[in-house]
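These notes concern the structure reproduced below.
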Amino acid sequence: MHFCTCKEHNTGRLRHQDSSLSDLSPRDKPWEVHRAQAQDVQAIYGEAREFERLAERIGKCSGVLRFSEAHDPETGEARLKLKEAQFCRVRHCPVCQWRRSLMWQARFYQALPGLIEAHTGARWLFLTLTVRNCPVGDLRATLKAMNDSWRRMVLRPEFKLVKGWIRTTEVTRGKDGSAHPHFHALLMVPPSYFRGQSYVKQARWVEVWQS
């Protein structure tokens, strides 16, 4: 990975090839972590002829990053701000997946104040739903079954008081190489949810999800 830092007002450009990005900006170390992961994925794609073009695209992904120097208006701290980069947009590229997650996170944070204002007094629940680990080759079928199950679950009486939700899918890898898919869901409920018979206990969520 090569990176450039562009001085303010475009007065010059410094090119860094012999040092890492984290040496210059420790907070940007994730770039190096995800880029290293992308190289691993590239190697896997490169083993199959039908995926050679995808491997080539991943190999060029975020190969050159151009930053400008920006200052925090509150603290005055100098930071690097990404100004230009080329991404491969391959579905399983770790760099692109990471950037996509940051985009959705930013969109959610932008929308959150409006949601809170529109739903005064709303409360929030964090719900994690998972299944047994599966072989990587069965991951597609497992995720389809989980998505079908979620669509049935939101129709259950236990979901009646849920006014809105946002859900993400995460897949981690077990020590034996198996896939561990799970859902993270943030549920918006009214204050009355926590009173009387409305509250759904964890044990009941487990029963509903299993069914």
Inset, instruction - May I ask you to list the residues in region 136-155 that are more than 25 Å from residue 200 (Cα to Cα) and not hydrophobic (A, V, I, L, M, F, W, C)? - result: 137, 138, 140, 142, 144
Inset, instruction - Examine region 154-173 for a residue that is at pLDDT below 90 and under 21 Å from residue 32 (Cα atoms), and state whether such a residue exists. - result: yes
Inset, instruction - Scan region 151-191 for residues that are more than 24 Å from residue 119 (Cα to Cα), open to solvent by 60 Å² or more (accessible area, probe 1.4 Å) and part of a strand (DSSP E or B) and report the count. - result: 4
Legend entry - Where a residue in region 96-124 is over 17 Å from residue 28 (Cα atoms) and its partner, wherever it lies, is open to solvent by 100 Å² or more (accessible area, probe 1.4 Å) and outside any helix (DSSP H, G or I), with Cβ under 8 Å and at least six apart: 119/163; 122/163
Legend entry - Residue list for region 116-134, restricted to those being surrounded by fewer than 15 Cβ atoms within 10 Å (Cβ to Cβ), more than 21 Å from residue 150 (Cβ to Cβ) and not basic (Lys, Arg): 116, 117, 118, 119, 120, 121
Inset, instruction - Tell me, please, whether a residue that is among the charged types (D, E, K, R) and touching a strand residue (DSSP E or B) at 6+ places or on another chain (Cβ under 8 Å) can be found in region 14-25. - result: yes
Legend entry - Qualifying position, being in contact (Cβ under 8 Å) with a residue 60 or more places away in the chain and of a type outside the set (Ser, Thr, Tyr), among 84, 69, 32, 74: 69
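The values are calculated or read from the model by the stated rules, or taken from the named source; none is laboratory data. Treat the numbers as computed from the prediction; the structure is a model and nothing was measured. Using ideal geometry, Cβ is built from the backbone for each residue, glycine included, and neighbour counts are taken over all protein chains shown. These accessible areas exclude ligands, DNA and RNA; they are computed on the full protein's heavy atoms, side chains included. Shrake-Rupley method; radii C 1.70, N 1.55, O 1.52, S 1.80 Å.
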